[in-house]
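Trainee: Below are the structure tokens for one structure; questions will follow.
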Amino acid sequence: MHDSPSLRPDRRQVLRTLSALGIAPLALAHAPRFGARQEEKAKPLSILVLGGTGFLGPAVVDAAKARGHQVTLFNRGRTRPQLFPDATKLVGDRDPKKGEGLKALEGKKFDAVIDNSGYYPRHVQASAELLAPHIGHYLYVSSISAYADTKTPNMAEDAPVATMPDPTLEEMGPNYEYYGSLKALCEAAAEKACPGKTTVVRPGYIVGPLDPTDRFTYWPVRAQDGGEFLVPGDGTDPIQVIDVRDLGTWMVHLLEQKTMGIFNACGPAEPVPMKGVIEACVAAAGKDAKPVYVPLEFLREQGCNLDAEFPIFAPGSGDTAGFHRVSNAKAIKAGLTFRSISDITKDTLAYWNSLPEARRKTRRAGLPPEREKAYLTAFAAKK
């Protein structure tokens, strides 16, 4: 679901609001997070971003510009084209069969490419093959959904990846069941086109200011609404999220260091229990909010769809035992650092409160109030 143009927040106004609230915008908030190494002047790079105006893209561009790099954007020019007026912009389509396709990239040379808009292997193959002779580094943004399953805790980067019956299919599937396997195929396409100079980054949930999905945002906003609110489980299920500013800054760091390989980009350093997230939300909201932890078995008996009704959350047992327990040791060794859940929550809530009222009335994720009330009433009656 997308905003209507009238409901889209003006990014400059949002950033002015965040600055007034003491929140540094996007990657700029953590330019010095790599200590003395980060303070060293990096060699200026020419970086091509395939996309760049959605959610992760702006964090990458901001981080790159803060480090003195030259940024070129390639996209269709449809999503917030007013962003980054000082950046070079090339218009085209990831699908070489649509319109002008990749023609705007022909003959162009760059030090590095960040591909955060590739969802189908044919598209990634086309861009990577075209650019391969003229670049030194291709960084592809994948997902932990690329793994074959999420049953095993502490999955490292060598865990088996997902497959699909027909690898030529260019559809996510009715329930996005092919999203992960398509990402895995995209990874392979990038590496095949750019052997020895490819980096694959596999994030989990990306959160923070400017998040358009309202998934993590649901929790601090619900705490801000006050009163009793339902939390699935007993509070011990683990949660892994990464702030978009931390991810964008680190990806630029990988380019600067010419770091190749595959990395799980899941934060924080150690998984936080759901209770820790909720406590941070209540503290950020500063309201009289009382979480009510409801057993998963009871919710299932009530016909609850845990995945759809409780964003970010996944049971820490069964088929999702490893979903929020992905190993990030390799990424941390490569320089990835994380801000606290407390800071993420505060900044996310401040961003939400800066949005127009019409947008705040259109919540895109989470449990509808009437469903929450029904669950809480039934649970109170059983107790």
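The values are calculated or read from the model by the stated rules, or taken from the named source; none is laboratory data. All values reported here derive from a predicted model rather than from experimental measurement. Cβ sites come from the backbone with ideal geometry, for glycine too, and all protein chains shown count toward neighbours.
Trainee: Any idea which of Val113, Val141 is more than 30 Å from Ser317 (Cα to Cα) and buried (at least 21 other Cβ atoms within 10 Å of the Cβ)?
Mentor: Among Val113, Val141, only Val113 is more than 30 Å from Ser317 (Cα to Cα) and buried (at least 21 other Cβ atoms within 10 Å of the Cβ).
Trainee: Output the strands (runs of 3 or more DSSP E) that fall wholly within region 45-138 and possess 3 or more residues being closer than 20 Å to Pro203 by Cβ and touching a residue at least 12 places away in the same chain (Cβ under 8 Å), or say none.
Mentor: Per the criteria, 46-50, 112-115.
This table checks each residue for (1) at negative phi; (2) surrounded by fewer than 18 Cβ atoms within 10 Å (Cβ to Cβ); (3) touching a residue at least 24 places away in the same chain (Cβ under 8 Å).
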site: Asn305; (1), (2), (3): yes, yes, no
site: Phe310; (1), (2), (3): yes, no, yes
site: Ala314; (1), (2), (3): yes, no, yes
site: Ala321; (1), (2), (3): yes, no, yes
site: Arg339; (1), (2), (3): yes, no, yes
site: Trp352; (1), (2), (3): yes, no, yes
site: Ala358; (1), (2), (3): yes, yes, yes
site: Gly366; (1), (2), (3): no, no, yes
site: Ala380; (1), (2), (3): yes, yes, no
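Trainee: Separate question: Of everything in region 335-361, what is of a type outside the set (A, V, I, L, M) and within 14 Å of Asp211 (Cα to Cα)? Give them in sequence order.
Mentor: Thr345, Lys346, Asp347, Thr348, Tyr351, Trp352, Asn353, Ser354, Arg359, Arg360 - these are the residues of region 335-361 that are of a type outside the set (A, V, I, L, M) and within 14 Å of Asp211 (Cα to Cα).
Trainee: Please tell me if Pro295 is in contact with a helix residue (DSSP H, G or I) (Cβ under 7 Å, 6 or more places away or on another chain), closer than 30 Å to Thr152 by Cβ, touching a residue at least 24 places away in the same chain (Cβ under 8 Å) and not hydrophobic (A, V, I, L, M, F, W, C).
Mentor: Judged against the criteria, Pro295 is not a match.
Trainee: Additional query: Only one of Leu255, Leu247, Leu299 is over 30 Å from Pro44 (Cα atoms) and crowded, with 20+ Cβ neighbours inside 10 Å; which?
Mentor: Leu299 is the lone residue from the list that is over 30 Å from Pro44 (Cα atoms) and crowded, with 20+ Cβ neighbours inside 10 Å.
Trainee: With the requirement that a residue be farther than 12 Å from Arg371 by Cβ, not hydrophobic (A, V, I, L, M, F, W, C) and not in a helix (DSSP H, G or I), what does region 289-309 give you?
Mentor: If the condition is that a residue be farther than 12 Å from Arg371 by Cβ, not hydrophobic (A, V, I, L, M, F, W, C) and not in a helix (DSSP H, G or I), then Lys290, Pro291, Tyr293, Pro295 are the ones that fit.
Trainee: If you check Asp343, Asp319, which single one turns out to be closer than 20 Å to Phe216 by Cα, acidic (Asp, Glu) and not in a loop (DSSP other than H, G, I, E, B)?
Mentor: Asp343
Trainee: To continue, here is another question. Among Ala63, Ala24, Ala87, which is the only one that is out of contact with any strand residue (DSSP E or B) (no Cβ under 9 Å at 6 or more places or on another chain), within 20 Å of Val244 (Cβ to Cβ) and modelled with pLDDT of 95 or more?
Mentor: Within the list Ala63, Ala24, Ala87, the selection yields Ala63.
Trainee: Take the residues of region 107-143 that are of a type in the set (Asp, Glu) and touching a helix residue (DSSP H, G or I) at 6+ places or on another chain (Cβ under 7 Å): which is farthest from Cys266 (Cα to Cα)?
Mentor: The qualifying residue farthest from Cys266 (Cα to Cα) is Glu129.
Yes/no per residue for (1) over 21 Å from the mean Cα position of the chain (by Cα); (2) of a type in the set (Phe, Trp, Tyr); (3) surrounded by fewer than 15 Cβ atoms within 10 Å (Cβ to Cβ); (4) at pLDDT below 95:
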| residue | (1), (2), (3), (4) |
| --- | --- |
| Gln125 | yes, no, no, no |
| Leu130 | yes, no, no, no |
| Ala148 | no, no, no, no |
| Leu169 | yes, no, yes, no |
| Ala189 | yes, no, no, no |
| Gly208 | no, no, no, no |
| Trp219 | no, yes, no, no |
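Trainee: Anything in region 247-282 that is of a type outside the set (Gly, Ala, Ser) and within 17 Å of Glu157 (Cβ to Cβ)? List them, or say none.
Mentor: Leu247, Trp250, Met251, Leu254, Thr259, Met260, Ile262, Phe263, Asn264, Cys266
Trainee: Right, here's the next one. Considering only region 250-275, state which residues are closer than 17 Å to Thr236 by Cα, part of a helix (DSSP H, G or I) and either modelled with pLDDT under 95 or β-branched (Val, Ile, Thr) (or both).
Mentor: Scanning region 250-275 gives no hits.
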